[in-house]
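Visitor: So that we are looking at the same thing, I have put the structure below in structure tokens.
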Amino acid sequence: MIKHILKQIWSQRGKNIWIILELFMVFIILWYVVDFFSVMVINSRTSTGTDIQNIHRVILATYKDDNPKFVTYEEGSEEPGRNFLRIIERIKSHPDIESVCIGQWFYPYCTSNSSNGYFIDSLSVQCQILRVTPEYFRMFNVFPYDSNNPEILEKAIKQNEAAILSLEANRKLFKNTNATGKIIYERGDSSLVSVAGVSHEIKGHEYERPRAYIFKLFSEVDLLKQKEQQIWEITDICIKTKPGINQAGFPSRFKEEMKQQLAIGNYFLADIMPLTKVRENYLWSYGITTTLNYRIGIGIFFLINIFLGVLGTFWLRIEKRKGEIGLRMSVGSTKSQIMKLMLVESICMLAIASVPALLVCINLAYLDALSTDYMDITVSRFLLNTLLTYVLLVIVIALSVWYPAKRSATIQPAEALHYE
């Protein structure tokens with residue numbers, strides 16, 4: 001049957017060449033669109049490495065110096081830091097709070113960050129620095145790459161001058177070797193940093209590849225040495241509520257109950273925001289949501305046009321072959337045989353068109369026309385795009401061929417022969 005179909009395609013090459021050319025162009029465009037969607041879907045389904053459920057960010061504010069409640073401290077006073085720690089203790093005493101974590105630039109979807117280079121021998125990596133208290137790992141469920149127990153990292157970071165590397169940072173510095181117990185150097189003063197553990201992969205948001213992070217212990221001693229404004233600007237508080245707490249009503253209830261208790265020195269409670277809301281604001285402020293919506297809209301537009309174009313082409317093609325269909329039916333072909341013939345013939349033309357189209361797709365990958373921001377160009381990525389493109393086009397072609405072929409096959413052979 002395939003041999004017969006190929007002969008027929010060749011005998012009608014004058015008409016079929018335009019259809020094959022259209023399928024050639026459609027295949028390339030659809031392959032490119034599918035690549036974007038497949039990368040986004042795969043990334044979005046890959047864990048960010050942090051769990052933000054039931055976690056809120058507590059936002060403090062400070063009185064200005066012209067406020068009657070403003071307190072002036074002596075130069076070098078530890079009182080601003082002690083007031084901040086008093087606030088932490090009062091938050092911990094709230095009956096709905098499971099744990100509290102403080103630090104700098106540490107919570108997921110934080111819009112501020114700090115980074116530095118770390119190196120060993122000739123290998124180096126730029127790491128985003130997260131200064132955290134040990135509670136961070138249990139709160140956000142960050143565990144070692146070879147274990148599911150976050151308490152291992154919680155205990156490890158308590159070691160003096162010890163740090164935790166994310167798996168991506170470990171790969172870039174030590175390849176496939178576990179960095180635990182090894183020494184790395186910090187760019188700038190080449191100070192030694194002891195690695196106490198390696199966490200699993202962590203991403204800044206769900207639509208990107210894993211980042212290189214280094215976790216350092218946030219010291220309360222250092223907090224006491226900082227000025228009030230510095231503490232307020234770069235030190236953040238995250239809280240995790242106990243299971244079973246009504247999350248929708250918790251922020252307003254917490255503010256009402258803790259407003260007076262957290263007004264210590266020049267600090268007062270400004271707001272409390274669920275990290276799910278922080279995530280929404282982050283994706284929006286960095287244009288990620290807008291970009292995704294825009295590209296999804298463009299992709300859907302192309303898909304609709306591809307469907308309509310292929311549908312129209314094959315519909316018209318079968319409508320013009322009613323005479324041939326009638327002739328085949330008059331010599332004994334059944335309706336199912338006619339429909340099968342038309343479908344297989346169309347898929348054969350797709351196969352013919354896809355060969356040069358795939359060569360173009362290979363060159364697109366080779367010439368870096370595909371984005372590598374979110375995923376490397378690999379054989380599996382190429383094969384997945386090719387498979388999805390084939391499946392989508394076969395579905396569109398089957399829908400395009402099925403109805404007009406079915407309608408043409410219901411015409412009486414004598415009537416269909418009039419078209420010949």
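The values are calculated or read from the model by the stated rules, or taken from the named source; none is laboratory data. It should be emphasised that the depicted structure is a prediction, and the values quoted were computed from it without experimental measurement. In this analysis, Cβ positions are derived from the backbone assuming ideal geometry, glycine residues included, and neighbour counts consider all displayed protein chains.
Visitor: Filter the stretch 149-197 down to residues that are in contact with a strand residue (DSSP E or B) (Cβ under 8 Å, 6 or more places away or on another chain) and among the acidic types (Asp, Glu) and give me whichever is modelled with the lowest pLDDT.
Guide: The selected residue is Glu161.
Visitor: For residues that are more than 29 Å from the chain's Cα centre (by Cα) and surrounded by fewer than 16 Cβ atoms within 10 Å (Cβ to Cβ), tally how many sit in the stretch 264-291.
Guide: Number of matching residues: 1.
Visitor: Go through Phe137, Phe119, Phe143 for me and flag whichever is farther than 12 Å from Tyr213 by Cα, in contact (Cβ under 8 Å) with a residue 12 or more places away in the chain, over 21 Å from the mean Cα position of the chain (by Cα) and surrounded by fewer than 22 Cβ atoms within 10 Å (Cβ to Cβ).
Guide: Phe119
Visitor: Among Ile231, Ile202, Ile272, which is the only one that is touching a residue at least 12 places away in the same chain (Cβ under 8 Å) and either of a type in the set (Ser, Thr, Tyr) or in a strand (DSSP E or B) (or both)? Spell out how you get there, then give the answer.
Guide: Working: Ile231 fails: either of a type in the set (Ser, Thr, Tyr) or in a strand (DSSP E or B) (or both); Ile202 fails: either of a type in the set (Ser, Thr, Tyr) or in a strand (DSSP E or B) (or both).
Result of the check over Ile231, Ile202, Ile272: Ile272.
Quick grid of which residues meet (1) surrounded by 20 or more Cβ atoms within 10 Å (Cβ to Cβ); (2) part of a helix (DSSP H, G or I); (3) not aromatic (Phe, Trp, Tyr):
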| residue | (1), (2), (3) |
| --- | --- |
| Lys15 | no, yes, yes |
| Met25 | no, yes, yes |
| Trp31 | yes, yes, no |
| Val34 | yes, yes, yes |
| Val39 | yes, yes, yes |
| Ser47 | no, no, yes |
| His56 | yes, no, yes |
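Visitor: Okay, moving on. Mind counting the residues in the stretch 101-129 that are in a loop (DSSP other than H, G, I, E, B) and among the aromatic types (Phe, Trp, Tyr)?
Guide: Of the residues in the stretch 101-129, 4 are in a loop (DSSP other than H, G, I, E, B) and among the aromatic types (Phe, Trp, Tyr).
Visitor: Among the residues of the stretch 359-371, is any β-branched (Val, Ile, Thr) and either modelled with pLDDT of 85 or more or more than 25 Å from the chain's Cα centre (by Cα) (or both)?
Guide: Here is the first cut: in the stretch 359-371, the residues β-branched (Val, Ile, Thr) are 360, 362.
Those still in the list that are either modelled with pLDDT of 85 or more or more than 25 Å from the chain's Cα centre (by Cα) (or both) too: 360, 362.
Among the residues of the stretch 359-371, at least one is β-branched (Val, Ile, Thr) and either modelled with pLDDT of 85 or more or more than 25 Å from the chain's Cα centre (by Cα) (or both), which makes the answer yes.
Visitor: Still on this structure: Looking for something within 26 Å of Asp376 (Cα to Cα) and touching a residue at least 12 places away in the same chain (Cβ under 8 Å) - is there at least one such residue anywhere in the stretch 184-193?
Guide: No, because not a single residue in the stretch 184-193 is within 26 Å of Asp376 (Cα to Cα) and touching a residue at least 12 places away in the same chain (Cβ under 8 Å).
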